[in-house]
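Visitor: Have a look at this one before I ask anything.
The values are calculated or read from the model by the stated rules, or taken from the named source; none is laboratory data. Only a predicted model underlies this, so the values are computations on that prediction, with no experimental measurement involved. All Cβ positions, glycine included, derive from the backbone under ideal geometry; neighbour counts span all protein chains shown. The protein model used for the area step is the full one, side chains on, heavy atoms only, and it has no ligands, DNA or RNA in it. Shrake-Rupley method; radii C 1.70, N 1.55, O 1.52, S 1.80 Å.
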Amino acid sequence: MNALLDRIAGTADEGLFAPVVRQGGRLSGKAAAAAVVVVMILAAAAPGRAALPLPGTEVYRGEEDLAERTLVGLRRFLLAETERSVEGRAAFWARDLASPAAYGESVAANRERLRRILGVVDPREPVEALEMLETTSRPARLAETERFCVYAVRWPAVGEVHGEGLLLEPQSRPRARIVALPDADQTPESLAGLAPAVTDAVPWARLLAEQGCQVLIPVLVDRDDTFSGNELVGRFTNQPHREWIHRQAYQAGRHVIGYEVQKVLAAVDWFAAENADGNGEPLSVAVAGYGEGALVAFYAAAVDTRIDACLVSGYFGPREGLWQEPIYRNVWGLLREFGDAEIASLVVPRSLVLEASLPPRIDGPPPPRPGRSGAAPGEIAEIPAESIRGELTRLRELVGDELAGAVRLIENGDDRPVGPGSVAALTALMEGLGIEAAAWEEAGEVIEPAVPLPEVARRQEQQVRQMETHVQRLIRESAFARAEYFWKPVEAEAEALRAAGRTPPQAWDEAVRPFRARFWDEVIGRLPPPEEPRPRTRRVIEEEAWTGYLVVLDVWPGVVAWGYLLLPNGIEAGERRPVVVCQHGISGVPEVTIDPESRTYGAYAARLAEEGFVVFTSYQPNRARGAEPFLVLQRIANPIEASIYSTIVAQNQQLLAWLGEQPFVDPQRIAFYGLSYGGKTAMRVPAMLEGYAVSICSADYNEWVRKVTAPDAVVGAAAAAQNFSSYMFTGEYEIMEFNLAHTFNYAEMAAMIAPRAFMVERGHDDRVASDEWVAFEYAPVRRLYTKLGIPRRTAIEWFDGGHVIHAEESFAFLREMLRPHDHTRDAR
């Protein structure tokens, strides 16, 4: 049908359109599908003589593809919000430049917020000593020169996560203590200058060791995809290891960046313990890194003032293009408060050295291949010299010349890259530590190890699995965290309100209201409120029972909310009807909810209109021909503390406001009924917008936190239900929501819909979940409504079917919940 629609839309004019609007009569089968869906698309593309508007609205005369227009408009809006975030950051800071001590105190809250969004929140394990890694066949000492020895070492960080790498120990008392971080695709051996290391890069950690510094070189999680999967379920992906961890950790309020910062800070803990041993004056501590290692070093220095100096090579610059970088750099809300200049402002007045080297060139994830796919796009590109200098200028404007004097930019005068690990940068680092460097010598020949080097693949797998194990433990225990965060405080407040005379439903509604706002602000993300809607409409079809209108509402400049209003015929003057907002799933458009040929939707929007409900079938921005994938919107939105649902909730705000003003609508009786991605919306939007009196989640209700994060999802279901999987293995890289595991799973979202009516449609064969998971997550909801004395306001329909609108018990639920309310019904 798409080819037909394209052909018709390309030739539509008034003469072609006018005859297809008809009065009365019924079509059936494919003819009905063509008459409804084709005509509505056609009417949206070409106004004709019959294209009358609703009273009180302008006629919509646009001829564009509204789905594409919406996605393009949202992209432009979010990019503009990203640019505006630079000026908006000042609201989060109150820098006191009177003295270094005053300055440090004035930015302490910013430092803590950075820790939180990086996931640097777990208590670290005490590091009393580094563990020397040796076996019966290989000692920990790998090599020795006249100036230093090389050891294989490990140290605890957080929970199951350990740092591992090489320790370069000077032959005499160290002059300083330094954590040297390679890029993700470099090994510690390459920085130490050990064979068979990469010899075309400067082994700059070796140079620091030859200057008498004690150097610890951690392994970073790399960009390969070997271990990105699960042998137990026989599934793997082409996600880089960093993305594999990111997807799990993000949902738990953690981050692969945060884990690696914790490894660095655990090393600093050991340095501090060594400094406190009483053997001489305490030694200065520095971190230095290249590429991904520079990112980790930069953040570590920003969040921990025990670090005296920091060298950042191949990373510093404007960060407003973060959405184009690899997804494992995605940090929730980062750009609202922090660009690289702001991060640097947390390092000064300590020494910060910026080396204008070429970053590692990353064009994307490992290529997809049979059995491995699903990785998110993202690249790391060269940072122009003028961009580096521009961000440094912003830093000076933020902190003044005196504090900015602690920053040194190492660059060539002709804008050619320098380093990584240039003598100039290493000298500046040591000067920042108050150490005069001896004459630098070239690294010379690679150091021949005395014993076999650590197995790189084994070590990498351990690093990946340790983070995975820690995240999965957090996920398993997350229900306890949600109880502390949500259930206990809400129940306590509701109990106090009941004691003050509120009914149980009233008490719950008041007690949960602050959490609705918190969910919106902290998890979904709140964007500016919608502007004037300027409604435009056009009649597009007349059926025997209803008339269909295209409705377009402005939300923000260039952004619209739109869909089709199905208005039952015969509404009397002054009569106000209930409304059902019908929401399509992913890759859909509003027309599919009306199409009688759709086995997924079964024309449920049209059927509701035939029953006498006012129906609005709304466009949700997740599909458009010719536009960028909608998933990109999530990448743009996340760094400004927003999400796709930030835009969807604004569209629904505008829709609810407009519907509430219509003379044929009862604004107290508006329901939301969505399938699949629309079911996700049914969980989130009514949890924030109290204008929806009823919400029905079809083909989506889930143990959502596990659905998003579990590499072994099917293990938790009975054998007959082991036909579903996790988003860990799909290309839907936009699905994660930061720290949702510790705040709001689906039971908590449903609890925020309460005491309003809530229902679930669940097909036994729907591969979105298992019956076991759905029942587990629905049980607290049923219990809550029963305890509130309103058990009839919630229901779950189990049916023998798949990922479809079932429209049987749910229609009966809508009839009961949307008729003029009798409170005595709720308890019967």
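Visitor: Could you tell me what percent of the accessible area of the stretch 251-360 is made up of carbon and sulfur, with a 1.4 Å probe and every protein chain present?
Guide: 47
Visitor: Which residue, 202, 233, 279, has the largest displacement toward the positive end of the dipole of the stretch 187-280 when charges sit on each Cβ (Lys, Arg +1; Asp, Glu -1)?
Guide: About the Cα centre, the residue reaching furthest to the positive side is 233.
Visitor: Ok, one more. Which GluC sites (Glu not before Pro) does the stretch 212-312 hold that lie in a coil by DSSP with at most 15 other beta carbons within 10 Å?
Guide: 231
Visitor: While we're on this one: Percent of Cα-Cα pairs more than 24 Å apart in the stretch 44-153, please.
Guide: 70
Visitor: When Lys and Arg each count +1 and Asp and Glu each count -1, what net charge do the other residues less than 13 Å away from residue 272, Cβ to Cβ, add up to?
Guide: My count for the surroundings of residue 272 gives -3.
Visitor: Here is a further query. Answer with a single label: of (i) 39.4; (ii) 47.8; (iii) 35.3, which was calculated as mean projected area of the Cα convex hull in nm² from the structure in view?
Guide: (i)
Visitor: Might you tell me the accessible area per residue for the stretch 443-597, computed with a 1.4 Å probe and given in Å²?
Guide: 42
Visitor: Take the alpha carbon atoms of the stretch 382-428, find their radius of gyration, then divide it by 2.2 N^0.38 Å using N residues; give the quotient.
Guide: Relative to the rule-of-thumb radius for its length, the stretch 382-428 sits at 1.23.
Visitor: Per residue, how many Å² of accessible area does the stretch 334-400 show with a 1.4 Å probe?
Guide: Accessible area per residue, the stretch 334-400: 38 Å².
Visitor: Residue-wise, which Karplus ³J(HN,Hα) couplings in Hz belong to the stretch 322-331, taking 6.51 cos²θ - 1.76 cosθ + 1.60, θ = phi - 60°, and x for glycine or proline?
Guide: Result, ordered by residue: 3, 5, 8, 7, x, 5, 6, 9, 5, 10 Hz.
Visitor: Quick one: Karplus J couplings for the stretch 220-231, per residue in order, coefficients 6.51, -1.76, 1.60, θ = phi - 60°, nearest Hz, x for Gly and Pro?
Guide: 9, 5, 9, 9, 6, 10, 3, 9, 8, x, 9, 5
Visitor: List the relative contact order of the chain as a percent without decimals, with contacts defined as Cα pairs under 8 Å and 6+ residues apart.
Guide: 14
Visitor: I've got another one for you. Note the angle between two axes, namely the Cα long axis of helix 292-303 and the longest principal axis of the Cα atoms of the chain, as a number of degrees from 0 to 90, rounded to the nearest 10.
Guide: Roughly 90 degrees between the two axes.
Visitor: Whole angstrom only: what separates the Cα centroid of the stretch 94-159 from the Cα centroid of the stretch 601-674?
Guide: 47
Visitor: Here's a follow-up. Rounded if a/c is under 1.5, else prolate if a/b is larger than b/c, else oblate: which is the stretch 519-588, with a ≥ b ≥ c the root eigenvalues of its Cα gyration tensor?
Guide: prolate
Visitor: A further question on this structure: Please name which of 587, 805, 299 has its Cα lying farthest along the dipole of the chain towards the positive end, using unit charges on Cβ (Lys, Arg +1; Asp, Glu -1) and the Cα centre as origin.
Guide: Value: 805.
Visitor: In bins 10 Å wide, starting from 0, what share of all Cα pairs of the stretch 581-676 does each bin hold, as a percent?
Guide: P(r) for the stretch 581-676, in whole percents per bin: 15, 41, 32, 12, 1.
Visitor: Note the angle between two axes, namely the Cα long axis of helix 504-518 and the longest principal axis of the Cα atoms of the chain, as a number of degrees from 0 to 90, rounded to the nearest 10.
Guide: 50
Visitor: Shifting gears a bit: Which trypsin sites (Lys or Arg not before Pro) in the stretch 330-407 pass both tests, a DSSP loop state and at most 10 other beta-carbon atoms within 10 Å?
Guide: 361
Visitor: By how many degrees, between 0 and 90 and to the nearest 10, does the Cα long axis of helix 108-118 differ from the longest principal axis of the chain?
Guide: The answer is roughly 70 degrees.
Visitor: Could I ask something else about it? At a 1.4 Å probe, what is the % contribution of carbon and sulfur to the accessible area of the stretch 413-557?
Guide: Looking at the stretch 413-557 in its full context, I get 52 percent from C and S.
Visitor: Quick one: compute the contact order of the stretch 383-513, relative version, from alpha carbon pairs under 8 angstrom and 6+ residues apart, as a percent.
Guide: So the answer I get is 10 percent.
Visitor: To the nearest 500 deg cm²/dmol, what mean residue ellipticity at 222 nm is calculated for the chain from DSSP H runs of n ≥ 4 alone, each contributing -39,500 (n - 2.57), summed and divided by the residues?
Guide: That comes out to -11000 deg cm²/dmol.
Visitor: Across the chain, how many lysine pairs, 8 or more apart or on two chains, come within less than 27 Å at their alpha-carbon atoms?
Guide: Final tally of qualifying lysine pairs is 5.
Visitor: Quick check: at a probe of 1.4 Å, how many percent of the accessible area of the stretch 116-248 sits on carbon and sulfur atoms?
Guide: Of the solvent-accessible surface of the stretch 116-248, carbon and sulfur hold 49 percent.
Visitor: Let me know the shape class of the stretch 303-350, please: from the alpha-carbon gyration tensor, a ≥ b ≥ c as square roots of the eigenvalues, rounded when a/c is under 1.5, otherwise prolate if a/b is greater than b/c, or oblate.
Guide: prolate
Visitor: How large is the dipole of the chain about the Cα centre if only Lys and Arg carry +1 and Asp and Glu carry -1, each at its Cβ, rounded to the nearest 20 debye?
Guide: Magnitude of the dipole: close to 2540 debye.
Visitor: What residue among 104, 327, 527 has its Cα farthest toward the positive end of the dipole of the chain, where the charges are +1 on Lys, Arg and -1 on Asp, Glu, each on the Cβ?
Guide: It is 527.
Visitor: Here's another thing I want to ask about it. What trypsin sites (Lys or Arg not before Pro) does the stretch 625-713 have in DSSP loop regions with at most 15 other beta carbons within 10 Å?
Guide: Answer in residue order: 625.
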